[in-house]
Amino acid sequence: MLKHKKWLTLGVAALSLMGLTACSNQANGTNKHVHFSQSYTASQPATKKGNHSTLHVAEVNDAPFAGMSAPTLQSNQEDEDVYSPGGNGSLFHTNKNYEIVNGGLANLKLNKKKNTALITLKKNAKWSNGQKVTAKDVEYPYEIVANPKTKAQSFSNDMDDIKGMSAYHKGKASTISGITFPNGPKGTKTLIHFNHLTPAMKYAGNDFTQDVVEPYQYIKNVPISKLGESSQVRKHPIFAGPYKLKKQVQGESTTWVPNKYYYGKKPQIKHIDIQVVSSNNIEAAFKAKKYDFAFNYGIPSEQYPKIHALKDYSEVGTPDQGYTDFGFNVGHANKSGVSVMDPNSKMHSANLRKAMLYSINLDMIAKKLDNGIDYRGNTMIPLVFHKYHTSFASQPGYPYNMAKAKKLLKAAGYTKKNGSKYVTKPNGKPLVIHFGCMQGSSAAKATDEYFLQQWHKLGLDVKFTTGKPMEMNSFYSELQKPKQKAMDVFEASFGVGSEPTPTSMYGPDAADNMAHLNTKENTKLLNEMNDKKSFNLKHRIKIFHEWEKYMNKKAVYSPEFYDSLWTAVNHRVTGYSLSPSNNEFWSKLGLNSAKLK
C-alpha cells in the first residue's frame, strides 16, 4: 500500500548555494553511509515507577497533522504516526521479510486452487469501546476505499482482481460479491474470492488486498462519502490496538492510555504523549530532554552530528521503504479517475524532463549535506527491496551532467531567442515552469533554491508555485486535484508498503499517480509483476527490472533520494526495535526511570 509521506529535509542549515555550484561530475551514488542498529534497549530493565510515568514522543513536521484516524482514508505519514499506538487497524503479523505470518489480529490462508484468501480473526479481539471485532470489520475497508465517492488514496486497480469489485467501484453494485462471511458478518471469518492469486498477496501492504480493519458497528450510520469528516473519525475514534485515545489537540498532539480490551501483549507504559515538533526545533528538544524518541521520519539529516553527540541518546535506524522523487505533470485525471496524458502539456517533452534531471547534482547534495544518511536514487524501486532493485551499474539514473542537459534541451527545440536569458518553447512562445515543493527546514528550502538555480543555469525560467515552498496540507490539496495546473514539476516523498508492487502509485487509475502517467507499456509491465508467471521469483525480478528501465526512459517520475529512517532513543527506554518482525512495538516498550535521562 502506497501512502504519502512527509518531506524528508536535506542538507545543513548553513548551506551555501555558491558551494553547491562547484560540484563534481564524478559522483556515482555509492557514497559511504551511516549504518544504524535496528534496536535499542537500556542497560537497566524497566521499572514500575518508570512505566507509570509518561512516554514522550515527537512527531517531526513543519505543519499540523491532518487528523485522519481511519487507516483506510489516511494519505500521509503524520496521521499514521500520531494514531499508531492504537494499532492503525493492522490485521496481520509479519516476519523480518514482511511476509504475513500467524499470530496477529487475524491469520491469512491463501488457496491457489480456489483463488481465495481466508482471513480468520482472533476470537477475543475487541475494539477499545468493548465491541467485538467482526468479519464485517475486515470487509468494510474494501467498501470504503473502493466507494466511488471517497477517491481513497489507498485504492488500487489491482483490487479489481476481487470478484465483484469493479462493479462496486463503478457504482453499479451496492456490495462486493466476491467477499463473503462463512460464519456470518458478526463471525470471525472473511473469505475473499479473486480471479487469480498473486505473489504479492503473501506480503503485508500489497496493492491487491487491505490489511486493516474498520469498526463497522461504530461507523455504519455515517455515509462513506462523509466518513472522513465525521465525529467518529475526527474527534472520538476507537482502536483495536494496545492503546486507546485519551485526548487530542487537533493538529498538535495525541495522548494515550492502555486499551484494556486489547487481544495481544498488554502494554507496559501507562501514558503516551505525542507532540508535533518542527524540524528546526527537534535537535534542541532532544538536547533539552523533552522527548524519549521521535518517529523515524522527518528528522533533518543536517542535525545528525549534533544529535549523535548527545550522551543520553542512541540512534536507531533502518532503510526506508520509500523515497523522495520528482514528478512532471503530463496530463490530468478524467471523471473516472483515470490518468490521461496530454500531448500539449507543458512537460510533454521527455528531453525537457531529462534535461532538468541531469542539471542537478543529487550525488553531491547527498555526499556533502546529508551526513551519510541518504543518497541519490537511480530507479523507482528503493534499495531496501534489494531483490528487485536494479543496480547503479545497469541503471545509473540521472547523475549530474549539465553539458548533456543543455544538449538534450537544444535537441528538443528549446532555444534562446534574441539573446534572452531563458529558452522558449519549440513554437517560439515563452516557457515558464512552476515548481511545487513542501516547506521544511532552512536546509530544505536552500536545497530547493539550488534546484531553481541549476534550472536557471540550464536556461529554464522556473519559479516556485505560490512563490515559495508550500505548507504540506496545501501542497497535497493542490496536487491531488484531477486537473491541477499550478505545478508543472513537483517534489514529494512517497512510501512503498512492505511489498514493492507499484501499481497503486503509477497505475492508470491510481489516485497517487499525480503526474498522470498512462501508457500501454507501463500498464502491461505492472500487470505482469503479479501474473501467474511471476510466482517464479526470477521471472518476477526480470519484470521489475524491465519496468525500472522503462520508467527511467520515460522520466515522468524520477527518484530523488533513497532515505534512511532514524531517530534518537533516550537511555531510559527499553525494548525499542524497528524490525519488521517486531509486531508489538508499543507493547514491548518500557521505561526504567520516571524522568528522561
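The values are calculated or read from the model by the stated rules, or taken from the named source; none is laboratory data. Being a predicted model, the structure only gives us computed values, none of them experimental. Neighbour counts run over all protein chains shown; Cβ positions are idealised from the backbone, glycine included. Quick note on the areas: whole protein, heavy atoms, side chains included, nothing else; ligands and nucleic acids left out. Shrake-Rupley method; radii C 1.70, N 1.55, O 1.52, S 1.80 Å.
Brief remarks follow.
- The single residue among Thr116, Thr72, Thr94 that is within 20 Å of the chain's Cα centre (by Cα), open to solvent by less than 30 Å² (accessible area, probe 1.4 Å) and more than 30 Å from His571 (Cβ to Cβ) turns out to be Thr72.
- Extreme residue, nearest to Pro508 (Cα to Cα), among residues of the stretch 128-143 that are surrounded by fewer than 23 Cβ atoms within 10 Å (Cβ to Cβ) and either of a type in the set (Lys, Arg) or within 27 Å of the chain's Cα centre (by Cα) (or both): Glu143
- Contact map, the stretch 69-90: residues that are at positive phi paired with residues that are assigned to a loop (DSSP other than H, G, I, E, B), Cβ distance under 6 Å, separation 6+ or inter-chain. Pairs shown: Gly87/Phe239; Gly87/Ala240; Gly87/Gly241; Asn88/Pro71; Gly89/Pro71; Gly89/Val213.
- Failed criterion for Tyr168 (all others in (1) out of contact with any His (no Cβ under 9 Å at 6 or more places or on another chain); (2) surrounded by 23 or more Cβ atoms within 10 Å (Cβ to Cβ); (3) within 21 Å of Val222 (Cα to Cα); (4) modelled with pLDDT under 95 hold): (4)
- Residues of the stretch 248-262 that are under 28 Å from the mean Cα position of the chain (by Cα), farther than 11 Å from Pro85 by Cβ and part of a loop (DSSP other than H, G, I, E, B): Gln250, Gly251, Glu252.
- Here Glu214 fulfils each of the conditions (1) under 23 Å from Asp81 (Cα atoms); (2) open to solvent by 30 Å² or more (accessible area, probe 1.4 Å) apart from (2).
- Within the stretch 228-268, the residues that satisfy the criterion of being small (Gly, Ala, Ser) and at negative phi are Gly228, Ser230, Ser231, Ala240, Gly241, Ser253, Gly264.
- Checking the stated criteria, Val82 turns out not to satisfy the condition of being buried (at least 24 other Cβ atoms within 10 Å of the Cβ) and in contact with a Leu (Cβ under 8 Å, 6 or more places away or on another chain).
- Single match in Asp488, Asp509 (criterion: of a type outside the set (Lys, Arg) and over 30 Å from Ala446 (Cβ atoms)): Asp509
So that you can scan it fast, the table gives a plain yes or no per residue for (1) more than 24 Å from Val212 (Cβ to Cβ); (2) in a loop (DSSP other than H, G, I, E, B):
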residue	(1), (2)
Phe494	no, no
Pro500	no, yes
Asp509	no, yes
Leu526	no, no
Ser534	yes, no
Glu546	yes, no
Lys553	yes, no
Thr567	yes, no
Ser587	no, no
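- Residue check for Ala63: surrounded by fewer than 22 Cβ atoms within 10 Å (Cβ to Cβ) and in contact with an Asp or Glu (Cβ under 8 Å, 6 or more places away or on another chain): yes
- You will find that of Asn518, Asn513, the residue that is open to solvent by 10 Å² or more (accessible area, probe 1.4 Å), under 19 Å from Ile381 (Cα atoms), polar (S, T, N, Q) and touching a residue at least 12 places away in the same chain (Cβ under 8 Å) is Asn518 and no other.
- Single residue of the stretch 144-163 satisfying the filter (touching a helix residue (DSSP H, G or I) at 6+ places or on another chain (Cβ under 8 Å) and at pLDDT 90 or above) that is most open to solvent (accessible area, probe 1.4 Å): Asp160
- Tally, over the stretch 179-210, of residues that are charged (D, E, K, R), within 9 Å of Ala135 (Cα to Cα) and out of contact with any strand residue (DSSP E or B) (no Cβ under 6 Å at 6 or more places or on another chain): 1
- Against the criterion of being part of a helix (DSSP H, G or I), open to solvent by 70 Å² or more (accessible area, probe 1.4 Å), out of contact with any Ser or Thr (no Cβ under 6 Å at 6 or more places or on another chain) and of a type in the set (Val, Ile, Thr), Thr447 does not qualify.
- Top-ranked residue in the stretch 270-280 [being over 24 Å from Trp127 (Cα atoms) and modelled with pLDDT of 95 or more; ranked as surrounded by the most Cβ atoms within 10 Å (Cβ to Cβ)]: Val277
- Counting only residues that are in a strand (DSSP E or B) and open to solvent by less than 60 Å² (accessible area, probe 1.4 Å), the stretch 450-464 holds 3 of them.
- The listed residue being in contact with a Phe, Trp or Tyr (Cβ under 9 Å, 6 or more places away or on another chain) and open to solvent by less than 30 Å² (accessible area, probe 1.4 Å), out of Pro267, Pro258: Pro267
- Going through (1) small (Gly, Ala, Ser); (2) buried (at least 22 other Cβ atoms within 10 Å of the Cβ); (3) not in a helix (DSSP H, G or I) one by one, Ser504 falls short only on (3).
- The set of residues in the stretch 288-337 being surrounded by fewer than 23 Cβ atoms within 10 Å (Cβ to Cβ), of a type in the set (A, V, I, L, M) and not in a strand (DSSP E or B) consists of Ala288, Ile307, Ala309, Leu310.
- Residue that is surrounded by the most Cβ atoms within 10 Å (Cβ to Cβ), among those in the stretch 338-376 that are small (Gly, Ala, Ser), outside any helix (DSSP H, G or I) and modelled with pLDDT of 95 or more: Ser359
- Filtering Asn371, Asn351 for residues that are touching a Ser or Thr at 6+ places or on another chain (Cβ under 6 Å) and touching a residue at least 60 places away in the same chain (Cβ under 8 Å) leaves a single hit, Asn371.
- Selection of the stretch 229-247 for residues being in a strand (DSSP E or B), among the charged types (D, E, K, R) and either under 16 Å from Trp127 (Cβ atoms) or in contact (Cβ under 8 Å) with a residue 40 or more places away in the chain (or both) yields Lys244, Lys246.
- Boolean, Lys113 is of a type outside the set (Ser, Thr, Tyr) and in contact with a Ser or Thr (Cβ under 6 Å, 6 or more places away or on another chain): no
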